[in-house]
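Notes follow once the structure below has been shown.
The values are calculated or read from the model by the stated rules, or taken from the named source; none is laboratory data. Because the structure is predicted, anything quoted here is derived from the model rather than measured. Positions of Cβ are backbone-derived with ideal geometry, glycine not excepted, and every protein chain shown enters the neighbour counts. Surface areas here come from the heavy atoms of the whole protein model, side chains and all, with no ligands, DNA or RNA. Shrake-Rupley method; radii C 1.70, N 1.55, O 1.52, S 1.80 Å.
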Amino acid sequence: MNILLLLPALILIFIVFVIPIVRYYWLSIHASSVMTGLIPVPNNGSNWLRILSDDRFWQDLFQTLRFTFTSVTIEILLAIVIALLLNQKFQGRGIIRAISLLPWALPTTIMALGWRWIFNTPYGPIEQIFTLLGIGTINILSNPHLAWIATVIADVWKTTPFIMIILLAGLQTIPSDLYEAFKLEGGTEIQSFFKITFPLLQPYLIISILFRIAQAFGVFDLIQVMTGGGPANSTESLGLYAYINSMRFLDFGYSATIIFLTFIILIGFCILGWLLISQSKRFLSSEI
Amino acid sequence: MTLILKGISRSINRNWIIKELNFEVDDGECLAILGPSGCGKSSTLRVIAGLDKPDEGEIYINNIDVTNVSPVARRVGMVFQNYALYPHLSVASNLSLGLKVRGVSKVEQRKRVSSILSVLQLDHLSTRLPAELSGGQRQRVALARALLRDPLVYLLDEPMSNLDAQLREELRPELRRLILNGQQPVLYVTHDQQEAMAMADRIALLNNGFLEQIGTPEELYKNPRSIFTAKFIGRPQINFLKFKDGLITAVRPENIYLSREGYQCKVIYKEWLGMNQLLFLESSLGSIKMICKSDLKVNEKVTVNWDTKDEFQFDTHTGKRLDKAITKSKQIISR
């Protein structure tokens, strides 16, 4: 009887989650490209052998990790600061909270286009400023060493509000009498952040970090619009590489292999993060 | 270690939350701040703790003006209504956090925490989180934290309001043993007049931010200076009867008795209280409540009366006491 009540949810999960994953795995052990006339033919795992020695894949994995960790770290730090600010009482707080959410409400493709123009050479304001300062043009989006930083800046701009709103909601669940009790006992503002705010914000930080890692790891539209993966594939993410393989090279078997391996790596990160967090929680309650 | 408030007022958005509060709490004395919700009880406590600033007036602790002194330096031990225990810390860590931020050494921290834990019989709970404690245990941890502060003044904000009635009665003697018997002045905020009478040496009754009356529980009960006090102190509530225009006569239900002569009434409802019963009577004067030992039936006709010495007379418009007893009670208060 209990199982019966769970059935609708199980069916839904099966359809939208289990079937696609199994299908991807199945595709990854088949050759399915223009060469096979788009008919899947078992190829004894040669996709998997190919991916192990595919430099472009490992280069893209490195780029995706670099992009994920840089942007998520900056976003979390910025979001904490902004959430703390917006949690203070001041006039016009409601309007400022609403405005600060706008970047997140914009469609990624549109904001990515905007950022492409901001970094444009020679018309973008950034190049203009550098020129005015006498540094000269630096061609950010055509420099393989710098272009990924431009994508990080755009991503931070867009998704910091998302984390900020989660943390702000978290801050509002902390009762103010905890801070008052701590103040009466002699705690300073900075101590109250590290002894009360930070530990009580932890569940919200964990949620937003996991969300953001998963999201940033699969980044596609921002990169596609801003740089198209260039210059010299330096900003190409795994998502973009899988897309190129399926949609440009029409090699669905290999594309599925990339997606499946990315999926496994992401799960690995999530488990690692979970372990770290549960350990730190136990540590926190006993020792201050 | 006296606590003195001189003309304390506080406003929020031009509304007076508390106005012109004057009172003194002696060493080892417990003053209950009593009043209905929104009367400024908690605001008074917060102003004394230094969490809020008064617009006017001065606060003295130990004869030192602390009006502009930081909350820490005032050294108050406060028990919050919801206990304000740090939810992510164990009981022992909850207690030692304050010591730690005040720079007490690790060895000393451990010593003081374990001694307070054994005084309050919390030893076995020291590694638990606040969420794993019962309401009574949480209150004890909050008390322990206030005790560890070694305060000059104790401020208790409705410390019993989150506990059920039976537990409240059980914990009263413990609270008295731990805090009320100490050398420090204690301010005890409550909305429960029974609790105020049971715990406090004196009661300050607040009404809309004003001090309505201050005195021993007995003074407030026997000599209410206004309709508000008469109504707030004493359960079941006092009877208000109208004999003349502009005058209200008040008699407590426990002072009304059955008699040959007096006022004709009919019993319309009764509540059995165990020791006696509370009768709701209907008379030409209006409805009357009385406490009665004998077993009367609903719809029974009775004659009731009371002694004039048990009557209070109030002015309908000002709500102030009119009869002579007031002069006597004034003398008591201004002694």
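Given a 1.4 Å probe and every protein chain left where it sits, what share in percent of the accessible area of the stretch A:56-287 is carbon and sulfur?
72 percent
Residue by residue through the stretch B:132-149, which ³J(HN,Hα) values in whole Hz follow from phi under the Karplus form 6.51 cos²θ - 1.76 cosθ + 1.60 (θ = phi - 60°), with glycine and proline marked x?
3J(HN,Hα) across the stretch B:132-149, in whole Hz: 9, 10, 7, x, x, 5, 4, 4, 5, 5, 5, 5, 4, 5, 5, 5, 5, 5.
Compute the separation of the alpha-carbon centres of the stretch A:131-151 and the stretch B:55-98 and state it in Å as a whole number.
So the two Cα centres are separated by 55 Å.
Along the Cα→Cβ direction, 7 angstrom out, place labels at B:Lys231 and A:Leu5. What is the inter-label distance in nm?
About 5.0 nm, to one decimal.
Rounded to the nearest 100 Å², what is the sum over both chains of accessible area buried where B meets A, with a probe of 1.4 Å?
2100 Å²
What translational diffusion coefficient, in µm²/s and rounded to a whole number, does the Stokes-Einstein relation yield for the protein assembly as shown at 37 °C and a viscosity of 0.692 mPa s, taking the hydrodynamic radius as the Kirkwood radius over Cα pairs?
106 µm²/s
Tell me, what ³J(HN,Hα) does each residue in the stretch A:90-101 have, in order and in whole Hz, if you take phi through Karplus 6.51 cos²θ - 1.76 cosθ + 1.60 with θ = phi - 60° and put x for Gly and Pro?
3J(HN,Hα) across the stretch A:90-101, in whole Hz: 7, 6, x, 4, x, 5, 5, 4, 5, 5, 5, 8.
Output the residues of the stretch B:96-114 meeting this criterion: accessible area (heavy atoms, 1.4 Å probe) in the chain alone minus accessible area with all protein chains in place is 50 Å² or greater.
B:Leu97, B:Lys100, B:Val101
With a bin width of 10 angstrom, please list the P(r) values of chain B as percents of all Cα-Cα pairs, from the 0 bin to the one holding the largest distance.
Final binned percentages: 5, 22, 27, 22, 14, 8, 2, 0.
Report for chain B the percent antiparallel among DSSP-assigned beta bridges with both residues inside it, nearest 5.
Working: 48 of 65 bridges.
So the antiparallel bridges in chain B amount to around 75 percent.
I'd like the carbon and sulfur percentage of the solvent accessible area for the stretch B:3-227, probe radius 1.4 Å, heavy atoms only, ligands and nucleic acids excluded.
Exposed carbon and sulfur together represent 45 percent of the surface.
Out of all DSSP beta bridges in the stretch B:102-242, what portion is antiparallel? Express it as a percent rounded to 5.
55 percent
What whole-number volume per residue, in cubic angstrom, does the convex hull of the C-alpha atoms of the stretch B:8-69 give?
Values: hull volume 5.4 nm³, N = 62.
Normalising the Cα hull of the stretch B:8-69 by residue number yields 88 Å³.
Carbon and sulfur atoms: what percent of the 1.4 Å accessible area of the stretch B:236-327 do they account for?
The C+S portion of the solvent-accessible surface of the stretch B:236-327 is 52 percent.
Over all residues in A:181-194, what is the mean tally of Cβ atoms on other chains that come within 10 Å of each residue's Cβ?
Mean inter-chain Cβ contacts per residue within 10 Å come to 6.
What average number of partner chain Cβ atoms lie no more than 10 Å from the Cβ of the residues making up B:49-55? Before the final figure, lay out each step's value.
Working: counts 4, 3, 7, 1, 0, 0, 0.
Mean partner-chain Cβ count within 10 Å for B:49-55: 2.
Only protein chains counted, 1.4 angstrom probe. Which residues of the stretch A:195-212 are at least 30 Å² less accessible in the assembly than when their chain is isolated?
Residues passing the criterion (a loss of at least 30 Å², heavy atoms only) are A:Lys195, A:Leu200.
Need one word for the stretch B:32-99: rounded, prolate or oblate. Basis is the Cα gyration tensor (sqrt eigenvalues a ≥ b ≥ c); a/c below 1.5 gives rounded, then a/b vs b/c decides.
Here the stretch B:32-99 falls in the oblate category.
Peptides B:155-168, B:194-207: what's the order by average Cβ count within 10 Å, highest mean first?
B:194-207, B:155-168
Let's test this: bin the Cα-Cα distances of the stretch B:220-302 at 5 Å from zero up to the farthest pair and state each bin's percent.
Cα pair-distance distribution for the stretch B:220-302, in percent: 3, 14, 24, 25, 18, 12, 4, 0.
Divide by every residue of chain A the summed helix terms, -39500 (n - 2.57) for each DSSP H run of at least 4, and state the resulting mean residue ellipticity at 222 nm, rounded to the nearest 500 deg cm²/dmol. Don't jump to the answer; show the numbers that get you there.
Working: 14 runs with 199 residues, N = 288.
-22500 deg cm²/dmol, from helical runs alone.
Name the long-range amide H neighbours of B:Ser11: under 5 Å, sequence gap of 5 or more, or other chain; modelled H, no Pro or chain starts.
So B:Ser11 has HN proximity to B:Ile17, B:Asp55.
Any idea what diffusion coefficient chain A gets from Stokes-Einstein, in µm²/s, Kirkwood Rh on alpha carbon pairs, 20 °C, 1.002 mPa s?
97 µm²/s
Given the options B:Thr44, B:Leu85, B:Pro71, identify the residue whose Cα lies farthest towards the positive end of the charge dipole of the stretch B:1-118 (+1 on Cβ of Lys, Arg; -1 on Cβ of Asp, Glu).
B:Leu85
For the protein assembly as shown, what is the accessible area per residue in Å², given a 1.4 Å probe and the full set of protein chains?
Normalised by residue count, the accessible surface of the protein assembly as shown is 51 Å².
Can you pull the mean other chain C-beta count within 10 Å for peptide A:70-83?
Average per residue, whole number: 0.
With a ≥ b ≥ c taken as the square roots of the eigenvalues of the C-alpha gyration tensor of the stretch B:36-173, please select rounded if a/c is under 1.5 and otherwise prolate if a/b is larger than b/c or oblate if it is not?
oblate
Per residue of the stretch A:125-142, in order, report the coupling 6.51 cos²θ - 1.76 cosθ + 1.60 (Karplus, θ = phi - 60°) as ³J(HN,Hα) in whole Hz, putting x for Gly and Pro.
Karplus values, whole Hz, x for Gly and Pro: x, 5, 4, 4, 5, 4, 5, 4, 6, x, 7, x, 6, 10, 6, 3, 6, 9.
Could you check what % of the DSSP bridge pairs in the protein assembly as shown are antiparallel, to the nearest 5?
Of the beta bridges lying entirely in the protein assembly as shown, close to 75 percent run antiparallel.
Nearest 500 deg cm²/dmol is fine: what mean residue ellipticity at 222 nm does chain B get from its DSSP H runs of n ≥ 4 alone, each adding -39,500 (n - 2.57), divided by its residue count?
Taken over chain B, the calculation gives -7500 deg cm²/dmol.
Ranked highest first by the average count of other Cβ atoms within 10 Å around their residues, in what order do A:212-225, B:139-152 fall? It would help to have the intermediate numbers written out before the result.
Values: A:212-225: 19.4, B:139-152: 21.8.
For the peptides A:212-225, B:139-152, the packing ranking is B:139-152, A:212-225.
What does the highest-first list of B:85-97, B:45-57 look like by mean Cβ count within 10 Å?
Working: B:85-97: 22.5, B:45-57: 19.8.
The packing order, highest mean first, is B:85-97, B:45-57.
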